[in-house]
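Since the structure comes first, as C-alpha coordinates, the remarks are kept for the end.
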Amino acid sequence: MERTLKISKIKDGTVIDHIPAGKALKVMTILKMDDRTTNSVSIGIRVPSGKMGQKDVIKIENRDLEKFEVDKISLIAPEASISIVKDYEITEKFSVELPTRLIGTVKCHNTECITNLKEPVSSDFLLISKKPIVIRCNFCERNMNEKEIISSL
Amino acid sequence: MLKNRSIVSIDDIGDNELDDIFKATDEMSNALKQGKVLKLLDGMVMATFFYEPSTRTRLSFESAMHRLGGSVISVSEAKSSSVSKGETLADTVRMAEGYADIIVIRHPMEGAAKLASRFSSKPIINAGDGSGQHPTQTILDLYTIKRELGEINGKEITIVGDLRYGRTVHSLLLALTKFDVSINLVSPEILKVPDHILSRLPKGIKMKVANDLDSVMEHTDVLYVTRIQKERFSDQTEYQSVIGSYSIDMEAVSKMKEDSIIMHPLPRVDEIAPDVDSSPKAAYFRQAGNGVPVRMALVSMILGGK
Ligand SMILES: Nc1ncnc2c1ncn2[C@@H]1O[C@H](COP(=O)(O)OP(=O)(O)OP(=O)(O)O)[C@@H](O)[C@H]1O
Ligand SMILES: [Mg+2]
Ligand SMILES: [Zn+2]
(Lines give C-alpha, C1' and ligand atoms only; values in the text may rest on other atoms or scores of the structure.)
(Ligands and ions follow the chains in the order given, each with its own letter.)
Protein backbone atom coordinates (compact mmCIF):
# COMPACT_ATOMS: atom_id res chain seq x y z
CA MET A 1 0.00 0.00 0.00
CA GLU A 2 1.20 3.52 -0.79
CA ARG A 3 2.04 5.06 2.57
CA THR A 4 3.29 8.50 1.55
CA LEU A 5 0.91 11.37 1.06
CA LYS A 6 1.53 12.95 -2.35
CA ILE A 7 1.04 16.67 -2.74
CA SER A 8 -0.96 17.26 -5.89
CA LYS A 9 0.85 18.76 -8.84
CA ILE A 10 0.57 22.44 -9.60
CA LYS A 11 -0.35 23.64 -13.08
CA ASP A 12 1.59 26.89 -13.18
CA GLY A 13 3.83 28.31 -10.49
CA THR A 14 7.05 27.92 -8.58
CA VAL A 15 8.59 25.12 -6.53
CA ILE A 16 11.22 25.99 -3.95
CA ASP A 17 12.96 22.77 -3.03
CA HIS A 18 15.87 21.80 -0.79
CA ILE A 19 15.13 24.39 1.87
CA PRO A 20 16.94 23.51 5.13
CA ALA A 21 14.56 21.60 7.39
CA GLY A 22 12.40 23.98 9.38
CA LYS A 23 13.09 27.13 7.33
CA ALA A 24 10.02 26.97 5.07
CA LEU A 25 7.99 29.37 7.17
CA LYS A 26 10.85 31.87 7.06
CA VAL A 27 10.81 31.60 3.27
CA MET A 28 7.07 32.25 3.38
CA THR A 29 7.77 35.38 5.40
CA ILE A 30 10.36 36.51 2.87
CA LEU A 31 7.74 36.06 0.15
CA LYS A 32 5.28 38.00 2.31
CA MET A 33 2.81 35.15 2.12
CA ASP A 34 0.36 35.04 4.99
CA ASP A 35 -3.34 34.57 5.65
CA ARG A 36 -4.20 37.22 3.08
CA THR A 37 -2.43 35.37 0.29
CA THR A 38 -4.87 33.97 -2.27
CA ASN A 39 -2.49 31.61 -4.13
CA SER A 40 -2.78 27.95 -3.29
CA VAL A 41 0.36 26.80 -1.57
CA SER A 42 1.64 23.41 -0.40
CA ILE A 43 4.34 23.33 2.20
CA GLY A 44 6.28 20.24 3.17
CA ILE A 45 8.19 20.53 6.41
CA ARG A 46 10.86 18.02 7.41
CA VAL A 47 10.13 15.67 4.56
CA PRO A 48 12.73 13.00 3.85
CA SER A 49 15.38 13.95 1.31
CA GLY A 50 18.11 11.90 -0.25
CA LYS A 51 20.59 14.78 -0.33
CA MET A 52 19.72 16.55 2.89
CA GLY A 53 18.27 13.90 5.19
CA GLN A 54 15.35 16.19 5.86
CA LYS A 55 14.26 19.23 3.95
CA ASP A 56 11.41 21.68 3.49
CA VAL A 57 9.72 22.30 0.16
CA ILE A 58 7.21 24.94 -0.95
CA LYS A 59 5.01 24.80 -4.02
CA ILE A 60 3.14 27.94 -4.95
CA GLU A 61 0.50 28.16 -7.62
CA ASN A 62 0.58 31.21 -9.92
CA ARG A 63 3.53 32.98 -8.43
CA ASP A 64 6.86 34.11 -9.91
CA LEU A 65 9.80 35.17 -7.77
CA GLU A 66 11.60 38.47 -8.15
CA LYS A 67 15.40 38.62 -8.15
CA PHE A 68 15.49 40.32 -4.73
CA GLU A 69 13.30 37.58 -3.30
CA VAL A 70 15.61 34.89 -4.65
CA ASP A 71 18.57 36.78 -3.11
CA LYS A 72 16.83 36.87 0.27
CA ILE A 73 16.02 33.18 0.06
CA SER A 74 19.67 32.43 -0.74
CA LEU A 75 20.64 33.94 2.61
CA ILE A 76 18.72 31.36 4.63
CA ALA A 77 18.54 28.52 2.10
CA PRO A 78 21.81 28.66 0.16
CA GLU A 79 21.22 25.22 -1.36
CA ALA A 80 17.63 25.76 -2.46
CA SER A 81 16.63 24.91 -6.00
CA ILE A 82 13.84 26.71 -7.77
CA SER A 83 11.72 25.19 -10.48
CA ILE A 84 9.31 27.09 -12.66
CA VAL A 85 6.30 25.00 -13.61
CA LYS A 86 4.25 25.72 -16.73
CA ASP A 87 1.32 23.48 -17.60
CA TYR A 88 2.44 20.79 -15.08
CA GLU A 89 5.95 20.60 -16.51
CA ILE A 90 9.19 22.11 -15.23
CA THR A 91 10.28 24.65 -17.82
CA GLU A 92 13.18 26.10 -15.91
CA LYS A 93 15.19 24.97 -12.90
CA PHE A 94 18.06 26.71 -11.14
CA SER A 95 19.89 26.78 -7.84
CA VAL A 96 19.84 29.94 -5.80
CA GLU A 97 23.20 31.63 -5.54
CA LEU A 98 24.48 33.78 -2.72
CA PRO A 99 25.45 37.08 -4.35
CA THR A 100 28.84 38.49 -3.29
CA ARG A 101 27.22 41.88 -2.79
CA LEU A 102 23.69 42.34 -1.46
CA ILE A 103 22.07 45.66 -2.15
CA GLY A 104 18.71 46.42 -0.58
CA THR A 105 18.25 42.77 0.37
CA VAL A 106 18.34 42.95 4.15
CA LYS A 107 18.19 45.72 6.73
CA CYS A 108 21.33 46.38 8.77
CA HIS A 109 20.99 44.79 12.20
CA ASN A 110 22.98 47.61 13.82
CA THR A 111 20.45 50.16 15.08
CA GLU A 112 23.21 52.79 15.11
CA CYS A 113 23.89 52.31 11.39
CA ILE A 114 23.26 55.37 9.21
CA THR A 115 21.29 53.21 6.73
CA ASN A 116 18.60 52.86 9.38
CA LEU A 117 17.92 56.61 9.28
CA LYS A 118 15.85 58.28 6.58
CA GLU A 119 18.67 58.58 4.07
CA PRO A 120 18.32 57.97 0.33
CA VAL A 121 20.43 54.78 0.28
CA SER A 122 19.77 51.07 0.11
CA SER A 123 21.43 48.73 2.54
CA ASP A 124 24.65 47.35 1.11
CA PHE A 125 26.44 44.21 2.28
CA LEU A 126 29.47 42.24 1.25
CA LEU A 127 29.46 38.45 1.51
CA ILE A 128 32.27 37.55 3.92
CA SER A 129 31.68 33.83 4.36
CA LYS A 130 29.17 31.34 2.94
CA LYS A 131 29.35 28.64 5.59
CA PRO A 132 28.58 29.81 8.19
CA ILE A 133 27.00 32.77 6.50
CA VAL A 134 28.48 36.15 7.42
CA ILE A 135 27.82 39.43 5.65
CA ARG A 136 29.38 42.84 6.37
CA CYS A 137 27.60 46.19 6.10
CA ASN A 138 29.44 48.45 3.69
CA PHE A 139 28.43 51.46 5.77
CA CYS A 140 28.92 50.65 9.45
CA GLU A 141 31.31 47.72 8.72
CA ARG A 142 29.54 45.46 11.21
CA ASN A 143 29.16 41.77 10.47
CA MET A 144 25.82 39.99 10.58
CA ASN A 145 25.54 36.25 11.27
CA GLU A 146 22.71 33.92 10.31
CA LYS A 147 20.64 34.64 13.38
CA GLU A 148 20.89 38.38 12.88
CA ILE A 149 20.15 38.06 9.17
CA ILE A 150 17.03 36.02 9.86
CA SER A 151 15.74 38.51 12.40
CA SER A 152 16.29 41.36 9.92
CA LEU A 153 14.62 39.77 6.90
CA MET B 1 48.08 58.29 -3.73
CA LEU B 2 45.73 60.13 -1.43
CA LYS B 3 44.94 62.85 -3.96
CA ASN B 4 41.19 63.46 -4.12
CA ARG B 5 40.42 60.46 -1.95
CA SER B 6 38.15 60.25 1.06
CA ILE B 7 39.38 58.84 4.36
CA VAL B 8 36.42 57.07 5.87
CA SER B 9 38.00 53.99 7.39
CA ILE B 10 41.54 53.13 8.39
CA ASP B 11 41.33 50.49 5.65
CA ASP B 12 41.28 53.33 3.11
CA ILE B 13 44.97 53.84 3.81
CA GLY B 14 47.17 51.34 2.02
CA ASP B 15 50.05 49.81 3.98
CA ASN B 16 52.64 51.52 1.80
CA GLU B 17 50.91 54.89 2.10
CA LEU B 18 51.48 55.22 5.83
CA ASP B 19 55.19 55.86 5.34
CA ASP B 20 54.47 58.72 2.95
CA ILE B 21 52.01 60.18 5.42
CA PHE B 22 54.58 59.91 8.22
CA LYS B 23 57.22 61.63 6.09
CA ALA B 24 54.85 64.42 5.16
CA THR B 25 53.92 64.75 8.83
CA ASP B 26 57.59 65.14 9.79
CA GLU B 27 57.91 67.94 7.24
CA MET B 28 54.79 69.69 8.53
CA SER B 29 56.01 69.30 12.06
CA ASN B 30 59.37 70.87 11.18
CA ALA B 31 57.72 73.72 9.30
CA LEU B 32 55.58 74.44 12.35
CA LYS B 33 58.60 74.41 14.63
CA GLN B 34 60.44 76.82 12.39
CA GLY B 35 57.41 79.06 12.30
CA LYS B 36 57.19 78.85 8.52
CA VAL B 37 54.07 80.30 6.94
CA LEU B 38 52.74 77.79 4.44
CA LYS B 39 50.65 78.73 1.45
CA LEU B 40 50.12 75.22 0.14
CA LEU B 41 46.33 75.41 0.12
CA ASP B 42 45.90 79.10 -0.56
CA GLY B 43 42.34 79.79 -1.68
CA MET B 44 41.00 76.41 -0.69
CA VAL B 45 38.12 75.88 1.70
CA MET B 46 37.41 73.15 4.24
CA ALA B 47 33.88 72.64 5.58
CA THR B 48 33.52 71.01 8.99
CA PHE B 49 30.28 69.42 10.18
CA PHE B 50 30.36 68.24 13.77
CA TYR B 51 27.07 66.63 14.73
CA GLU B 52 28.68 65.57 17.99
CA PRO B 53 30.71 67.64 20.40
CA SER B 54 34.45 67.71 19.91
CA THR B 55 37.25 69.94 21.03
CA ARG B 56 40.57 68.45 19.99
CA THR B 57 39.63 66.89 16.70
CA ARG B 58 37.74 69.88 15.46
CA LEU B 59 40.35 72.42 16.54
CA SER B 60 43.18 70.38 15.08
CA PHE B 61 41.47 70.03 11.70
CA GLU B 62 40.65 73.72 11.57
CA SER B 63 44.11 74.70 12.73
CA ALA B 64 45.67 72.35 10.17
CA MET B 65 43.71 73.94 7.33
CA HIS B 66 44.60 77.49 8.44
CA ARG B 67 48.26 76.52 8.81
CA LEU B 68 48.25 75.31 5.23
CA GLY B 69 47.00 78.68 4.05
CA GLY B 70 43.43 77.52 3.45
CA SER B 71 40.28 78.63 5.18
CA VAL B 72 37.49 76.91 7.07
CA ILE B 73 33.75 77.24 7.10
CA SER B 74 31.81 75.40 9.75
CA VAL B 75 28.45 75.00 11.33
CA SER B 76 28.81 75.64 15.01
CA GLU B 77 26.03 73.28 16.00
CA ALA B 78 25.37 71.11 12.99
CA LYS B 79 22.85 69.23 15.06
CA SER B 80 20.56 72.14 15.65
CA SER B 81 20.72 73.50 12.14
CA SER B 82 20.09 70.72 9.67
CA VAL B 83 19.03 67.61 11.48
CA SER B 84 16.25 69.34 13.35
CA LYS B 85 14.83 70.55 10.06
CA GLY B 86 14.80 66.94 8.94
CA GLU B 87 17.41 67.38 6.23
CA THR B 88 19.17 64.15 5.33
CA LEU B 89 22.93 63.92 5.62
CA ALA B 90 22.97 63.12 1.90
CA ASP B 91 21.34 66.49 1.13
CA THR B 92 23.60 68.39 3.53
CA VAL B 93 26.65 66.95 1.82
CA ARG B 94 25.39 67.71 -1.68
CA MET B 95 24.90 71.30 -0.59
CA ALA B 96 28.30 71.51 1.09
CA GLU B 97 30.26 70.18 -1.86
CA GLY B 98 29.33 73.35 -3.67
CA TYR B 99 30.88 75.45 -0.91
CA ALA B 100 34.09 73.62 -0.09
CA ASP B 101 37.00 71.60 -1.47
CA ILE B 102 37.06 69.10 1.37
CA ILE B 103 34.50 68.11 4.00
CA VAL B 104 35.20 66.89 7.53
CA ILE B 105 32.35 65.12 9.32
CA ARG B 106 31.73 63.83 12.82
CA HIS B 107 28.36 62.15 13.24
CA PRO B 108 26.78 59.94 15.92
CA MET B 109 25.66 57.25 13.47
CA GLU B 110 28.04 54.56 12.26
CA GLY B 111 28.74 54.67 8.55
CA ALA B 112 27.75 58.36 8.28
CA ALA B 113 31.04 59.42 6.68
CA LYS B 114 30.80 56.53 4.25
CA LEU B 115 27.35 57.68 3.24
CA ALA B 116 28.61 61.24 2.85
CA SER B 117 31.42 60.05 0.59
CA ARG B 118 28.89 58.38 -1.68
CA PHE B 119 27.03 61.64 -2.23
CA SER B 120 29.98 63.99 -2.48
CA SER B 121 32.32 64.52 -5.38
CA LYS B 122 34.64 66.28 -2.91
CA PRO B 123 36.76 64.22 -0.52
CA ILE B 124 35.30 63.41 2.90
CA ILE B 125 37.31 62.90 6.07
CA ASN B 126 35.69 60.89 8.84
CA ALA B 127 36.28 62.64 12.15
CA GLY B 128 34.42 59.93 14.06
CA ASP B 129 31.18 58.08 13.31
CA GLY B 130 29.48 56.91 16.49
CA SER B 131 31.30 53.88 17.85
CA GLY B 132 32.61 53.23 14.36
CA GLN B 133 35.93 54.62 13.20
CA HIS B 134 38.15 57.61 13.78
CA PRO B 135 40.86 57.03 11.19
CA THR B 136 42.82 60.26 11.59
CA GLN B 137 43.16 59.62 15.32
CA THR B 138 44.52 56.18 14.48
CA ILE B 139 47.02 57.59 12.00
CA LEU B 140 48.24 60.04 14.61
CA ASP B 141 48.48 57.25 17.18
CA LEU B 142 50.59 55.17 14.81
CA TYR B 143 52.69 58.22 13.97
CA THR B 144 53.26 58.89 17.66
CA ILE B 145 54.47 55.33 18.31
CA LYS B 146 56.80 55.52 15.32
CA ARG B 147 58.14 58.91 16.28
CA GLU B 148 58.61 58.11 19.95
CA LEU B 149 60.04 54.61 19.56
CA GLY B 150 61.46 54.65 16.04
CA GLU B 151 59.51 51.56 14.98
CA ILE B 152 56.05 50.07 15.29
CA ASN B 153 57.01 46.53 14.32
CA GLY B 154 58.32 44.39 17.16
CA LYS B 155 56.66 46.41 19.92
CA GLU B 156 54.41 45.18 22.70
CA ILE B 157 51.34 47.33 23.00
CA THR B 158 49.01 47.20 25.99
CA ILE B 159 45.60 48.79 25.59
CA VAL B 160 43.79 49.41 28.83
CA GLY B 161 40.43 50.81 29.86
CA ASP B 162 37.20 50.99 27.90
CA LEU B 163 37.77 48.63 25.00
CA ARG B 164 34.09 48.24 24.30
CA TYR B 165 32.76 51.66 23.40
CA GLY B 166 35.94 53.50 22.47
CA ARG B 167 36.11 53.92 18.70
CA THR B 168 39.76 54.97 18.90
CA VAL B 169 40.54 51.54 20.34
CA HIS B 170 38.64 49.75 17.58
CA SER B 171 40.34 51.65 14.77
CA LEU B 172 43.73 51.24 16.45
CA LEU B 173 43.28 47.49 16.91
CA LEU B 174 42.35 47.00 13.27
CA ALA B 175 45.32 49.10 12.20
CA LEU B 176 47.81 47.36 14.48
CA THR B 177 47.00 43.97 12.98
CA LYS B 178 48.84 45.15 9.88
CA PHE B 179 52.05 45.34 11.91
CA ASP B 180 54.13 42.69 13.61
CA VAL B 181 53.26 43.64 17.18
CA SER B 182 52.01 41.85 20.27
CA ILE B 183 48.89 43.28 21.82
CA ASN B 184 47.66 42.97 25.40
CA LEU B 185 44.07 43.87 26.17
CA VAL B 186 43.28 44.87 29.75
CA SER B 187 39.76 45.89 30.71
CA PRO B 188 36.97 45.21 33.15
CA GLU B 189 34.68 42.37 32.07
CA ILE B 190 31.86 44.67 30.93
CA LEU B 191 34.17 46.82 28.81
CA LYS B 192 35.86 44.09 26.76
CA VAL B 193 36.44 44.38 23.02
CA PRO B 194 33.09 43.55 21.38
CA ASP B 195 32.71 40.45 19.22
CA HIS B 196 32.02 42.46 16.09
CA ILE B 197 35.55 43.84 16.30
CA LEU B 198 37.21 40.61 17.43
CA SER B 199 35.64 38.75 14.51
CA ARG B 200 37.33 41.16 12.11
CA LEU B 201 40.83 40.66 13.46
CA PRO B 202 42.88 38.22 11.40
CA LYS B 203 43.62 34.83 12.93
CA GLY B 204 47.16 34.38 14.12
CA ILE B 205 47.78 37.87 15.46
CA LYS B 206 49.71 38.03 18.70
CA MET B 207 47.02 39.18 21.06
CA LYS B 208 46.13 38.22 24.57
CA VAL B 209 43.63 39.25 27.15
CA ALA B 210 45.45 40.04 30.40
CA ASN B 211 43.56 40.12 33.63
CA ASP B 212 45.64 42.71 35.34
CA LEU B 213 47.99 45.44 34.33
CA ASP B 214 50.75 44.28 36.67
CA SER B 215 51.38 41.11 34.70
CA VAL B 216 52.19 43.02 31.51
CA MET B 217 53.62 46.35 32.65
CA GLU B 218 57.24 45.17 32.74
CA HIS B 219 57.48 44.24 29.08
CA THR B 220 55.09 46.78 27.59
CA ASP B 221 56.54 49.28 25.10
CA VAL B 222 53.39 51.29 24.60
CA LEU B 223 50.77 51.64 27.32
CA TYR B 224 47.68 52.98 25.59
CA VAL B 225 45.24 54.19 28.23
CA THR B 226 41.63 55.10 27.48
CA ARG B 227 38.97 56.86 29.46
CA ILE B 228 36.49 54.80 31.43
CA GLN B 229 33.20 56.62 31.42
CA LYS B 230 31.17 56.71 34.60
CA GLU B 231 27.96 56.52 32.62
CA ARG B 232 28.78 53.00 31.45
CA PHE B 233 28.31 51.67 34.97
CA SER B 234 24.92 51.27 36.58
CA ASP B 235 26.64 50.55 39.86
CA GLN B 236 28.84 53.44 40.97
CA THR B 237 30.75 51.40 43.56
CA GLU B 238 31.74 49.10 40.73
CA TYR B 239 32.98 52.13 38.78
CA GLN B 240 35.08 53.21 41.73
CA SER B 241 36.70 49.80 42.08
CA VAL B 242 37.39 49.55 38.35
CA ILE B 243 38.83 53.03 38.02
CA GLY B 244 40.98 52.29 41.05
CA SER B 245 42.47 49.14 39.59
CA TYR B 246 43.31 50.73 36.24
CA SER B 247 44.62 54.10 37.26
CA ILE B 248 48.21 54.75 36.33
CA ASP B 249 50.28 56.41 39.03
CA MET B 250 54.01 56.89 39.52
CA GLU B 251 54.29 53.57 41.28
CA ALA B 252 52.87 51.79 38.23
CA VAL B 253 55.08 53.83 35.90
CA SER B 254 58.18 52.85 37.88
CA LYS B 255 57.59 49.23 36.80
CA MET B 256 57.69 50.13 33.12
CA LYS B 257 60.76 49.45 31.03
CA GLU B 258 63.33 52.02 30.05
CA ASP B 259 62.17 53.22 26.62
CA SER B 260 58.46 52.80 27.04
CA ILE B 261 55.70 55.37 26.59
CA ILE B 262 52.21 56.11 27.88
CA MET B 263 49.61 57.30 25.41
CA HIS B 264 46.01 58.48 25.86
CA PRO B 265 43.63 59.90 23.24
CA LEU B 266 42.50 62.49 25.85
CA PRO B 267 40.51 63.85 27.57
CA ARG B 268 41.61 61.88 30.61
CA VAL B 269 39.69 61.83 33.83
CA ASP B 270 41.15 59.74 36.62
CA GLU B 271 42.99 57.13 34.59
CA ILE B 272 46.38 58.82 34.80
CA ALA B 273 47.50 60.60 37.94
CA PRO B 274 48.67 64.19 37.29
CA ASP B 275 52.17 63.56 38.68
CA VAL B 276 52.79 61.11 35.83
CA ASP B 277 52.71 64.07 33.43
CA SER B 278 56.26 65.04 34.32
CA SER B 279 57.64 61.59 33.47
CA PRO B 280 59.43 61.40 30.12
CA LYS B 281 57.28 58.33 29.48
CA ALA B 282 54.15 60.47 29.40
CA ALA B 283 53.66 60.91 25.66
CA TYR B 284 50.00 61.92 25.64
CA PHE B 285 50.49 65.65 25.25
CA ARG B 286 53.08 65.08 22.52
CA GLN B 287 50.55 62.70 20.96
CA ALA B 288 47.86 65.41 21.02
CA GLY B 289 50.41 67.83 19.57
CA ASN B 290 50.89 65.51 16.62
CA GLY B 291 47.22 66.00 15.76
CA VAL B 292 47.82 69.18 13.79
CA PRO B 293 50.82 68.10 11.66
CA VAL B 294 49.23 64.71 10.90
CA ARG B 295 46.05 66.40 9.72
CA MET B 296 48.06 68.99 7.78
CA ALA B 297 49.83 66.13 6.00
CA LEU B 298 46.58 64.31 5.21
CA VAL B 299 44.67 67.36 4.03
CA SER B 300 47.52 68.64 1.87
CA MET B 301 48.04 65.20 0.33
CA ILE B 302 44.33 64.88 -0.44
CA LEU B 303 44.06 68.36 -1.90
CA GLY B 304 47.28 67.99 -3.84
CA GLY B 305 49.03 70.94 -2.25
CA LYS B 306 52.11 68.80 -1.97
N1 LIG C 1 3.94 20.05 -11.66
C2 LIG C 1 4.53 20.05 -10.45
N3 LIG C 1 3.79 20.44 -9.37
C4 LIG C 1 4.36 20.47 -8.15
N5 LIG C 1 5.65 20.13 -7.88
C6 LIG C 1 6.41 19.75 -8.91
C7 LIG C 1 5.90 19.68 -10.25
N8 LIG C 1 6.90 19.23 -11.04
C9 LIG C 1 7.97 19.04 -10.25
N10 LIG C 1 7.70 19.35 -8.97
C11 LIG C 1 8.60 19.33 -7.80
O12 LIG C 1 9.73 20.17 -8.12
C13 LIG C 1 10.91 19.65 -7.53
C14 LIG C 1 11.98 19.43 -8.58
O15 LIG C 1 11.49 18.51 -9.50
P16 LIG C 1 12.43 17.43 -10.16
O17 LIG C 1 11.57 16.55 -11.03
O18 LIG C 1 13.53 18.18 -10.81
O19 LIG C 1 12.82 16.65 -8.83
P20 LIG C 1 14.05 15.77 -8.40
O21 LIG C 1 14.26 14.71 -9.39
O22 LIG C 1 13.74 15.38 -7.02
O23 LIG C 1 15.28 16.81 -8.45
P24 LIG C 1 16.23 17.25 -7.30
O25 LIG C 1 17.52 16.62 -7.54
O26 LIG C 1 16.30 18.76 -7.48
O27 LIG C 1 15.64 16.89 -5.98
C28 LIG C 1 10.51 18.38 -6.81
O29 LIG C 1 10.31 18.72 -5.44
C30 LIG C 1 9.21 17.99 -7.46
O31 LIG C 1 8.37 17.29 -6.55
MG1 LIG D 1 14.41 15.60 -5.06
ZN1 LIG E 1 25.24 48.92 8.86
Task: 10 Å binning of all Cα-Cα separations within region B:116-171, expressed as whole percents from 0 upward - done: 21, 40, 28, 11, 0
- [ ] Restricting things to alpha carbons, find the Rg to Rh ratio for chain B using the Kirkwood radius for Rh.
- [x] 0.97
- [ ] Quick one: which residues, 5+ away or cross-chain, put their amide H under 5 Å from the amide H of B:Ile125? H built at 1.01 Å from N.
- [x] B:Ile7, B:Ile103, B:Val104, B:Ile105
Task: Kirkwood Rh (inverse of mean 1/r, distinct Cα pairs), region B:75-197, angstrom - done: 16.3 Å
Task: region B:1-140: projected area of the alpha-carbon convex hull, averaged over directions, in nm² - done: 8.2 nm²
Task: Peptide-level mean, for A:117-124, of C-beta atoms on other protein chains within 10 Å - done: 5
TODO: Can you check how the C-alpha radius of gyration of region B:135-288 compares to 2.2 N^0.38 Å, as a plain ratio?
DONE: 0.97
Open item on the list: 7 Å from Cα along Cα→Cβ at both B:Asp195 and A:Thr38: what's the point-to-point distance in nm?
Closed with: 4.5 nm
Task: Percent RCO, i.e. relative contact order, over chain B, from Cα pairs under 8 Å lying at least 6 residues apart - done: 22 percent
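Stokes-Einstein at 20 °C, 1.002 mPa s, Kirkwood radius from Cα pairs: D for region B:203-306 in µm² s⁻¹? Could you put the intermediate results ahead of the total?
Values: Rh = 15.9 Å.
In µm²/s, the coefficient is 135.
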Task: Helical segments meeting 18 Å axial Cα length and Kyte-Doolittle -0.5 threshold in chain B (DSSP H) - done: B:135-149
Task: Calculated FRET value between A:Lys118 and B:Thr55, using beta carbons and R₀ = 41 Å, to 0.05 - done: 0.85
Task: Cβ-defined net charge surrounding B:Ala47, 10 Å radius [Lys, Arg +1; Asp, Glu -1] - done: -1
Task: Efficiency of FRET between B:Met1 and B:Asp214 - r from beta-carbon atoms, R0 45 angstrom, step 0.05 - done: 0.50
- [ ] Provide the per-residue ³J(HN,Hα) series for region A:36-46, in order, calculated from phi with Karplus coefficients 6.51, -1.76, 1.60 and θ = phi - 60°, each as a whole number of Hz, with x at glycine and proline positions.
- [x] 8, 5, 9, 5, 8, 10, 10, 10, x, 10, 6
Task: Within region A:48-153, chymotrypsin sites (Phe, Trp or Tyr not before Pro) in DSSP loop having at most 10 other beta-carbon neighbours inside 10 Å - done: A:Tyr88
TODO: For region B:181-186, just list the computed ³J(HN,Hα) in residue order, Karplus coefficients 6.51, -1.76 and 1.60, θ = phi - 60°, integers in Hz, with x standing in for Gly and Pro.
DONE: 10, 10, 10, 10, 10, 10
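Using a 1.4 angstrom probe on the protein heavy atoms only, could you order A:Val41, B:Val269, A:Val15 from most to least accessible area?
Heavy-atom accessible area, descending, gives B:Val269, A:Val41, A:Val15.
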Task: Formal net charge of residues neighbouring B:Asp195 (Cβ-Cβ distance under 11 Å; K, R +1; D, E -1) - done: +4
TODO: Collect residues whose amide H, placed 1.01 Å from N in the peptide plane, falls under 5 Å from the amide H of B:Phe50; neighbours closer than 5 in sequence don't count.
DONE: B:Val75, B:Ala78, B:Arg106
- [ ] Starting from one equal scatterer on each C-alpha and no solvent at all, send me the Debye-based log10 I(q)/I(0) for chain A at q = 0.11, 0.15, 0.21 Å⁻¹, two decimals.
- [x] -0.47, -0.82, -1.33
- [ ] Could you pull out every residue, at least 5 positions away or on a different chain, whose amide H is within less than 5 Å of the one on B:Gln133? Hs are placed 1.01 Å off N in the peptide plane, and Pro or chain starts have none.
- [x] B:Gly111
TODO: Go through region A:16-23 residue by residue and turn each phi into a ³J(HN,Hα) via Karplus (6.51, -1.76, 1.60, θ = phi - 60°); whole Hz please, and just put x for glycine and proline.
DONE: 10, 10, 6, 7, x, 3, x, 9
Open item on the list: Give me the extension gain from A:Phe68 to A:Ile90: residue separation times 0.36 nm, minus the current Cα-Cα distance, reported in nm with one decimal.
Closed with: 5.7 nm
Task: 10 Å Cβ neighbours from other chains, averaged over peptide B:198-205 - done: 1
- [ ] Project the alpha carbons of the protein assembly as shown onto their principal axes and report the range along each, largest first, in whole Å.
- [x] 94, 54, 41
TODO: Could you let me know the centre-to-centre spacing of region A:81-104 and region B:170-236, using Cα atoms, in angstrom?
DONE: 46 Å
Open item on the list: Inside 10 Å of the C-beta atoms of A:140-149, what's the mean count of C-beta atoms belonging to other chains?
Closed with: 4
Open item on the list: If packing is taken as the average count of other Cβ atoms within 10 Å, what order do A:20-27, B:206-213, A:59-66 fall into, highest mean first?
Closed with: A:20-27, A:59-66, B:206-213
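The values are calculated or read from the model by the stated rules, or taken from the named source; none is laboratory data. The structure presented is a predicted model; accordingly, all values stated were derived computationally and were not measured. We place every Cβ from the backbone using ideal geometry, glycine too, and count neighbours over all the protein chains shown. To get the accessible areas, we keep the full protein, side chains included, count just its heavy atoms, and leave off ligands, DNA and RNA. Shrake-Rupley method; radii C 1.70, N 1.55, O 1.52, S 1.80 Å.
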